[in-house]
Amino acid sequence: MIEDMLRTPAAVQDAERHTAHNYHPLPVVISSAEGAWVTDVDGKRYLDCLAGYSALNFGHRHPTLIAAAHAQLDKLTLTSRAFIHDQFADFCRELAALCGKDLVLPMNTGAEAVETGIKVARKWGYQVKGVPADQANIVVAEGNFHGRTTTIVSFSTDSDARADFGPYTPGFRIVPYGDLAALTEAVDEHTVAVLLEPIQGEQGVVVPPEGYLPGVRRLCTERDVLFIADEIQSGLGRTGTTFACEQEGVVPDMYLLGKALGGGIVPVSAVAADTNVLGVLQPGQHGSTFGGNPLACAVATEVVRLLATGEFQRRSTELGERLHTGLRGLIGKGLVAVRGRGLWAGLDLDPSLMSGREACERLMERGVLAKDTHGSTIRLAPPLVITEEEIDHAVAQVAAVLAG
């Protein structure tokens, strides 16, 4: 039988045999990819509508980014920050310009960028704002997802991410997302920062109420508090603008960036802020051996240049309208709600039909890859290189799954 000749089942078992079970992946084993499509070990093609949680905004193996990686591999890959390399200045200068900030601090992963933001905010609070030693607090939102380090899960409200990892790091206050009154109440004279996702991705692509982000910006300005925007998933073109904060004309004091910054090739993250904020760090107080390495900088500089053209932001806006129009047409036909901006959508399924996991398994069978979250919600975040026809195909497969 054909099923007996497939390589996928054995490959799935082999992958699970010596791996800690910290993920529950769909049973697909990908071996190659290009653009918005991936191919498994049995030759079946799938439309990738997750894009590495937005790490693949520019699609798989974007030729410009692959060329930059190949060229740098032949020259220099790592120096450590003990020395300066010839790719470093261009990356920092061009990313700072894209963000409209003075300085950039390169790291590797999104969680490292968040940890960096927390440390910088606390140091700024003590040295600039004058908060008494060890009294700083940072206000965060319920439903947040900023990473999985011990400090970050200390202010998570997701039991899977948080349970059994204590004792937890103090210094955080959690308020409902989108509730400006609760946020205002939580901020006091020892608050050094408000740390938020402009759109909560892991929670199901939750968009805050209109006026919330501008309200946060005003509050932070009035109370001398840093507004830190975690744009690791929402930034770099995903929502139709370079940063999701731009959708409401808001400029935070600090951007936390990652995922798409590495072009889907290498892990790259960064913190961007002005000198009066990032300038509090002095040599030896924070760092990373691989942060800002030559290979990462070569790829990430090309990412910044792709974004500087505005092409991908326009694609996200225009194609996002097509995606959301198609998905909204399925409300009442198995969907109960659709949220998001640009090429990013959270779909709430009628839980009586199936779970989000079941929906993703059925989509996989139909050649579309997506990811579930929180029971009956699935997320779609296709690469920004997706075409109109491919969007229509994805929506059609969602409709087919809902129809049973």
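Here, each number is a calculation from the coordinates, and none is a lab measurement. These figures come from a predicted structure and were not determined experimentally. Reconstructed Cβ throughout: ideal geometry from the backbone, glycine too, with neighbour counts over all protein chains shown.
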Legend entry - Nearest 10 degrees, 0 to 90: helix 63-73 Cα axis against the chain principal axis: 60
Inset, instruction - List the residues whose amide H sits under 5 Å from the amide H of residue 37, counting only those 5 or more places along or on another chain, with H placed 1.01 Å from N in the peptide plane. - result: 48, 60
Legend entry - In Hz, Karplus ³J(HN,Hα) per residue of segment 150-156 (6.51, -1.76, 1.60; θ = phi - 60°; x = Gly, Pro): 5, 5, 5, 6, 4, 10, 8
Legend entry - J(HN,Hα) series, segment 190-207, from Karplus relation 6.51 cos²θ - 1.76 cosθ + 1.60, nearest Hz, glycine and proline x: 9, 6, 9, 7, 10, 10, 9, 8, x, 9, 7, x, 4, 6, x, 6, 8, 8
Inset, instruction - Any chance you could give the angle, 0 to 90 degrees and rounded to 10, that helix 388-403 forms with the longest Cα principal axis of the chain? - result: 70
Inset, instruction - Would you please give the residues with an amide H less than 5 Å from that of residue 337, counting only those at least 5 places away or on a separate chain, with H modeled from the backbone geometry? - result: 348
Inset, instruction - Calculate how steeply helix 88-99 sits against the longest principal axis of the alpha-carbon atoms of the chain, using the helix alpha-carbon long axis, and give the answer as 0 to 90 degrees to the nearest 10. - result: 90
Inset, instruction - Return the long-range amide H neighbours of residue 141 (sequence gap of 5 or more, or a different chain), with a cut-off of under 5 Å between placed amide H atoms. - result: 175
Legend entry - Whole-angstrom gap from segment 22-85 to segment 153-221, using each part's C-alpha centre: 31
Legend entry - Cross-link partners of residue 333 among lysines (Cα-Cα below 24 Å; sequence separation of 8 or more within a chain): 371
Legend entry - Net charge over other residues, Cβ less than 15 angstrom from the Cβ of residue 318 (K, R count +1; D, E count -1): -1
Inset, instruction - Taking the Cβ of residue 307 as the centre, find all other residues whose Cβ is under 14 Å away and add up their charges (Lys, Arg: +1; Asp, Glu: -1). - result: 0
Legend entry - Positive minus negative residues near residue 60 (Lys, Arg vs Asp, Glu; Cβ under 11 Å): -1
Inset, instruction - Find how many whole Å separate the alpha carbon centroid of segment 324-401 from the alpha carbon centroid of segment 88-111. - result: 34
Inset, instruction - For segment 111-123, take each phi angle, set θ = phi - 60°, evaluate the Karplus expression 6.51 cos²θ - 1.76 cosθ + 1.60, and give the result in whole Hz per residue in order, putting x for glycine and proline. - result: 4, 5, 5, 5, 4, 4, x, 5, 5, 5, 4, 5, 5
Legend entry - Cα-based reach from residue 119 at 24 Å (exclusive), listing lysines while leaving out same-chain residues under 8 positions away: 101, 129, 259
